[in-house]
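The values are calculated or read from the model by the stated rules, or taken from the named source; none is laboratory data. No experiment lies behind these values; they were computed from the predicted model shown. Cβ atoms come from the backbone with ideal geometry, glycine included; neighbour counts cover every protein chain shown. Surface accessibility is based on the protein's heavy atoms, side chains included, excluding ligands, DNA and RNA. Shrake-Rupley method; radii C 1.70, N 1.55, O 1.52, S 1.80 Å.
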Amino acid sequence: MNHRPSRQELLGFKGSELPLREFLDLFGERVRRPANVYSIGQAMSDAGLATLPDFATCGMGDKVQVVALVTAVPQARQSEVDAPEGESLPSSALPRRLLIGDLPSARAGVRSVSVNSALSQVTYLMRHRGCDQVPVTTGMTTLHGVITWRSLALMYERGKEPTLENAMQQESLPVADGRQEFFACLPELIEQGYLLVRRDDASLSGIVTHAHVIDRFKSAAYPFFLLGEIESLLRRWLGTRLSEEAILAVQANKKAELRTGKVGDLMFGDYVCLVDGEQRKTSLAQRADLNWTALQCDSLDRVQFVRHLQKVQEIRNRIAHFDAEPLPPEAMEELTAFTALLRDYVG
């Protein structure tokens with residue numbers, strides 16, 4: 001972590017309400033990941049503080065209030081606080097809502113022109129800068145209209161003089177506040193083809209289009225499909241090669257009803273325990289040596305395989321914490337590569 005504020009500095013925020021992004025910025029962080037969520041939570045706990053709602057699970061566009069720890073703890077079961085990261089998803093870990101402002105394009109800025117601009121300036125932006133919608137504004141807060149390919153076509157179709165004013169769509173402009181729920185904004189976005197997004201100060205912060213929505217859902221859904229395939233392949237492979245005794249060994253510390261000896265009841269972390277010969281618990285490490293022999297994968301480098309598996313577990317944990325930011329390219333490459341590896345060995 002880049003910065004850890006002192007206990008005194010944190011206590012200075014007690015009773016304050018601030019946007020989640022500003023709260024994370026106090027710790028030098030931009031997005032939530034399992035490691036920094038733990039570190040931030042520990043720092044807050046050490047200072048006797050917490051946030052309402054929980055900074056680890058609320059929406060990225062939400063505001064959090066810094067409160068005394070005793071105020072916040074009754075709102076979460078201790079069993080959920082102590083649960084292994086990413087292994088289960090208690091109801092408190094689910095996102096409350098997806099906001100239109102959570103989409104990257106809603107915060108990416110806007111290319112706009114003033115009311116005194118020439119129409120040729122707008123068409124240049126549209127043809128050479130790839131802008132399908134160009135807002136006409138004063139100071140990025142007063143919106144006079146929007147020029148789109150459709151509004152340009154209508155101007156020429158109606159035989160109007162080619163001017164900025166005649167080319168603008170001025171009525172029923174699709175504008176949303178960044179804090180509005182994403183799905184509530186969808187009907188207007190579908191009808192208009194785009195949506196202008198405003199910040200809290202009413203200035204334009206970005207534009208959301210059909211393409212942005214598709215990209216966002218692709219980036220959000222594709223990792224889930226890959227993780228699903230990875231778990232399916234692992235269970236098929238481990239389930240056909242390992243004994244019930246081997247499965248029970250990693251379930252030994254679980255509740256009685258979870259000690260089933262069935263590979264389908266394993267958590268993702270259990271897969272690592274099954275094959276990691278360097279884990280701290282000696283009995284499991286020795287058992288893992290036997291498991292690796294039973295898997296009959298001499299052409300696989302065991303150390304690299306375990307590291308692959310651990311990285312996939314970290315990515316799964318990040319997804320389980322509903323990080324609003326899309327997975328970075330290297331994480332997607334890790335999932336894709338590991339899926340391909342398992343396909344080769346499991347079929």
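Surface calculation, 1.4 Å probe, protein heavy atoms: Ser112 sits at approximately 40 Å² accessible.
Heavy atoms of the protein only, probe of 1.4 Å, neighbouring chains included. What is the accessible area of Ser172 in Å², nearest 10? Answer for Ser172: close to 90 Å² accessible.
Highest average first, the peptides 252-262, 238-248, 175-185, 7-17 ordered by how many other beta carbon atoms sit within 10 Å of their residues are 175-185, 238-248, 7-17, 252-262. Measuring only protein heavy atoms, the 1.4 Å probe finds Arg287 accessible over about 50 Å².
Fully extending the segment from Asp201 to Tyr124 would add 24.8 nm, taking 0.36 nm per residue of separation and subtracting the current Cα-Cα distance.
The Rg/Rh ratio for the chain is 1.09, where Rg is the radius of gyration of the alpha carbons and Rh is the Kirkwood radius. Kirkwood hydrodynamic radius of the stretch 170-264, from the reciprocal of the average inverse Cα-Cα distance over all distinct pairs: 17.6 Å.
In units of 2.2 N^0.38 Å, what is the alpha-carbon radius of gyration of the stretch 208-347?
Details: Rg = 16.5 Å, N = 140, 2.2 N^0.38 = 14.4 Å.
Working it through for the stretch 208-347, the quotient is 1.15.
Could you give the length gained on full extension between Glu9 and Ile190, defined as 0.36 nm per residue of separation minus the Cα-Cα distance, in nm?
Stretched out fully, the Glu9 to Ile190 stretch lengthens by 60.5 nm.
Only Lys, Arg, Asp and Glu carry charge here, each on its Cβ (+1 for the first two, -1 for the last two); on that basis the chain has a dipole of about 60 debye about its Cα centre. The modelled label-to-label distance between Glu157 and Leu290, using points 7 Å beyond Cα along the C-beta direction, is 7.5 nm. Against the chain, whose longest principal axis comes from its Cα atoms, helix 210-241 is set at around 10 degrees.
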